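K.L.:
Quick one: structure below, then a few questions.
A short reminder: the numbers here are calculations on the coordinates, not readings from a lab. Keep in mind it's a predicted model, so treat the numbers as computed, not measured.
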Amino acid sequence: MKKLSFILALLAVLILAALPAAAQGGLDPAAEPNFGNARLEASFVPDPFVVGLISGGDIDVSTLGLGDNCLGYATAAPDFRLTWSGHTATLRLFFVSNEDSTLFVNLPDGSWACNDDFNGLNPLVEVAAPVAGT
């Protein structure tokens, strides 16, 4: 089921690393993003950085072993890719949706961060001392 979602990044970026699709059970972070990409650096303007997109897909992410909070459906390709540079204490990624949604973030070191229902039905992922990368 696809649902209309808005990604609002407050001191944040969605970091998707280029990992092999086979290693992620069908997710392909190196694929062309469904809704584009951007480069942001610390103290970016406008803040928050806003992107509108439609999320969802046919891959059941809960079966991939990415973590307890990684529940939901996605496409193989990332919805959006951001490249981050600069220094900040905390990177916050979130979005606001009309439906219950989960945020999946593939970090530059290959690990995954996921969240569901941080604020009501909306997710938030916080990354302490984020490193530069895509």
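K.L.:
Percentage of Cα-Cα pair distances in the stretch 40-134 greater than 24 Å, rounded to whole percent?
P.N.:
Details: 893 of 4465 pairs.
Of all Cα-Cα pairs in the stretch 40-134, 20 percent lie more than 24 Å apart.
K.L.:
The stretch 101-118 to the stretch 58-81: how many Å between their Cα centroids?
P.N.:
Cα centres, the stretch 101-118 to the stretch 58-81: 9 Å.
K.L.:
If you stretched the chain out fully between Thr90 and Tyr73, how much longer would it get, using 0.36 nm times the residue separation minus the C-alpha to C-alpha distance?
P.N.:
Taking 0.36 nm per residue and subtracting the Cα distance, the gain is 3.4 nm.
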